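One structure is given here, and the rest of the page talks about it.
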Amino acid sequence: GSNKKNKQTKNQTRKPETSAKLQKNKSHSSHSSIVTLSTRIFMMIHVFLLLSLCFSDYGFLPVASLGINYGQVGSNLPPPDKVLDLLSSLKITKAKIYDTNPQILTTFANSNVELIVTVENQMLAVVMDPQQALQWVTTHIKPYFPATKITEISVGNEVFTDDDTSLIGYLVPAMVSIHGALVQLGLDKYIHVSTPNSLAILQESYPPSAGSFKSQVSATMSQYLQFLANTGSPFWINAYPYFAYKGAPNNVSLDYVLLNKNPGMVDPYTKLHYDNMLYAQVDAVVYAMFRLGYSGIEVRVSETGWPSKGDPDETGATPANAAVYNRNLLRRQMRNEGTPLRPNTKLEVYLFALFNEDMKPGPTSERNYGLFQPDGTIAYNVGLSALSTTSSTSSSSSSASIFLTSSADKAAKTGYQSLVYWMFVYLLAFQVLLRQH
């Protein structure tokens with residue numbers, strides 16, 4: 001207290017300074033402050049630029065809403081550690097597998113890849129029983145979590161449209177039992193339970209606002225939707241505009257299904273404009289849920305893709321179309337787009353598929369949805385750039401480190417670098433100018 005009082009008295013008794021001197025000191029102080037401020041800003045930008053250069057690997061940020069399907073119905077697929085390397089080079093951090101392969105779950109531990117795993121259709125009747133479900137989760141999930149980032153369990157695959165119609169009756173009880181097991185083990189906060197559905201569950205899908213489920217599945221569908229609403233889980237749909245084009249190539253615009261620029265269509269009832277079929281299919285599912293009284297469930301795309309090869313009657317199954325579809329899909333995912341009905345909710349999409357799988361039954365297209373051949377080479381050019389290719393001693397095997405890129409990526413990166421550069425130049429010139437004055 002006394003020191004403070006003495007300082008105040010000393011200041012009050014100091015000899016008054018002239019106006020000119022005060023002005024000069026004020027001016028000098030102001031100039032010094034500006035120089036100091038500009039120097040600090042300059043240094044901040046300088047540090048920011050250096051950090052940008054240090055931490056940039058000249059790749060691109062992962063697309064948060066893009067995943068990929070990692071099927072294993074092939075005779076010559078690379079081992080899981082090579083697949084993990086491939087996903088890392090692609091900067092893809094979400095993947096779905098169609099089982100709970102322990103080798104994959106072990107290999108993916110402590111990686112940044114989130115995994116959706118699957119209860120196979122033939123297990124649904126078994127895991128309906130709560131004790132069997134607990135045994136399944138204890139054996140197939142608990143030993144690997146949380147080191148392996150299992151985010152969801154798919155109970156079956158396309159159950160509503162499976163040839164074995166008895167599966168429909170098993171579905172919801174199996175989901176309830178699996179979720180109950182997760183609750184019992186304290187994992188339900190981290191792992192969702194859902195199931196992927198074929199678009200064939202819809203009775204109507206055009207226009208999107210007419211979306212409705214087939215009457216034969218509506219009873220079980222209501223129970224399923226109630227489960228999703230209760231647990232906060234998403235509704236997954238396998239949506240393939242390719243099939244619509246293959247079925248009626250003369251009536252469906254190729255640009256519309258390939259997500260190219262086109263006039264699109266306007267839903268006559270909602271007046272919403274759709275410039276691609278994928279978004280129209282997703283919104284048709286949303287409307288179908290509306291009709292059963294459910295409005296808050298998120299729709300996600302568990303599979304979509306385009307085959308690069310097909311039988312003579314599989315119109316449109318070409319490498320060029322596959323490249324365009326997947327490239328356009330990637331660009332839209334990088335923009336975090338939503339559908340016209342839900343424009344503010346980014347649409348999560350899992351691309352089908354990582355590899356061509358030579359052991360899949362059915363038409364030729366079924367074995368040719370992959371971005372890659374089983375040996376890791378690119379199936380077709382989708383904007384995948386080889387960073388390095390190293391051949392092993394065996395001439396038959398090679399591995400490529402690659403990443404997804406597009407003109408949108410390059411433009412964004414160039415714009416960012418240009419902005420930083422000109423900020424740097426401007427502040428440097430500003431500081432030189434100040435020092436001269």
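Under 7 Å between Cβ atoms, which residue pairs at least 6 apart in sequence (or on different chains) link something in the stretch 310-323 that is within 13 Å of Glu366 (Cα to Cα) and touching a residue at least 40 places away in the same chain (Cβ under 8 Å) with a partner that is among the basic types (Lys, Arg) and open to solvent by 10 Å² or more (accessible area, probe 1.4 Å)?
Glu314/Lys246; Ala317/Lys309
Suppose we keep only residues that are out of contact with any Lys or Arg (no Cβ under 9 Å at 6 or more places or on another chain) and crowded, with 23+ Cβ neighbours inside 10 Å within the stretch 311-328. Which one would you say is nearest to Asn250 (Cα to Cα)?
Ranking the candidates gives Tyr325 first.
Please verify whether the stretch 111-120 includes one or more residues that are modelled with pLDDT of 95 or more and open to solvent by 60 Å² or more (accessible area, probe 1.4 Å).
Within the stretch 111-120 (the criterion being modelled with pLDDT of 95 or more and open to solvent by 60 Å² or more (accessible area, probe 1.4 Å)), the answer is yes, since at least one residue qualifies.
Return the residue satisfying two criteria in turn: it lies in the stretch 175-212 and is out of contact with any Ser or Thr (no Cβ under 9 Å at 6 or more places or on another chain) and not in a helix (DSSP H, G or I), and of such residues it is nearest to Phe235 (Cα to Cα).
Lys189
Please give the number of the condition Ser154 fails out of (1) open to solvent by 10 Å² or more (accessible area, probe 1.4 Å); (2) in contact with a Ser or Thr (Cβ under 6 Å, 6 or more places away or on another chain); (3) assigned to a strand (DSSP E or B).
Checking Ser154 against (1) open to solvent by 10 Å² or more (accessible area, probe 1.4 Å); (2) in contact with a Ser or Thr (Cβ under 6 Å, 6 or more places away or on another chain); (3) assigned to a strand (DSSP E or B), the one that fails is (1).
Of everything in the stretch 227-242, what is in contact (Cβ under 8 Å) with a residue 40 or more places away in the chain and in a helix (DSSP H, G or I)? Give them in sequence order.
Phe227, Leu228, Ala229, Thr231, Pro241, Tyr242
Would you check which residues across the stretch 253-310 are open to solvent by 20 Å² or more (accessible area, probe 1.4 Å) and β-branched (Val, Ile, Thr) and list them?
Once the filter is applied, which keeps residues that are open to solvent by 20 Å² or more (accessible area, probe 1.4 Å) and β-branched (Val, Ile, Thr), the stretch 253-310 yields Val266, Thr270.
Looking only at the stretch 352-394, which residues are at pLDDT 85 or above and part of a strand (DSSP E or B)?
Within the stretch 352-394, Phe355, Phe372, Ile378 meet the criteria.
With (1) under 24 Å from Thr195 (Cβ atoms); (2) aromatic (Phe, Trp, Tyr); (3) at pLDDT below 95 as the list, and Phe60 as the residue in question, which single condition is left unmet?
(1)
Could you tell me whether the stretch 414-427 includes any residue that is at pLDDT below 55, surrounded by 12 or more Cβ atoms within 10 Å (Cβ to Cβ) and under 17 Å from Lys91 (Cβ atoms)?
Checked against the condition, which is being at pLDDT below 55, surrounded by 12 or more Cβ atoms within 10 Å (Cβ to Cβ) and under 17 Å from Lys91 (Cβ atoms), the stretch 414-427 yields at least one hit.
Answer yes or no: is there a residue in the stretch 207-223 that is buried (at least 18 other Cβ atoms within 10 Å of the Cβ), of a type in the set (Val, Ile, Thr) and under 16 Å from Val285 (Cβ atoms).
Yes, the stretch 207-223 contains at least one residue that is buried (at least 18 other Cβ atoms within 10 Å of the Cβ), of a type in the set (Val, Ile, Thr) and under 16 Å from Val285 (Cβ atoms).
For the stretch 264-297, what are the residues that are part of a helix (DSSP H, G or I) and more than 16 Å from Ala239 (Cβ to Cβ)?
If the condition is that a residue be part of a helix (DSSP H, G or I) and more than 16 Å from Ala239 (Cβ to Cβ), then Phe290, Arg291 are the ones that fit.
Conditions: (1) on the phi > 0 side of the Ramachandran plot; (2) touching a residue at least 40 places away in the same chain (Cβ under 8 Å). Glu298 meets all but one. Number of the miss?
Just one mismatch for Glu298, condition (1).
The values are calculated or read from the model by the stated rules, or taken from the named source; none is laboratory data. Note that this is a predicted model, so its numbers are computed, not measured. Cβ coordinates were reconstructed from backbone atoms using ideal geometry, including for glycine residues, and neighbour counts include every protein chain displayed. Only protein heavy atoms, including side chains, enter the accessible area calculation; ligands, DNA and RNA are left aside. Shrake-Rupley method; radii C 1.70, N 1.55, O 1.52, S 1.80 Å.
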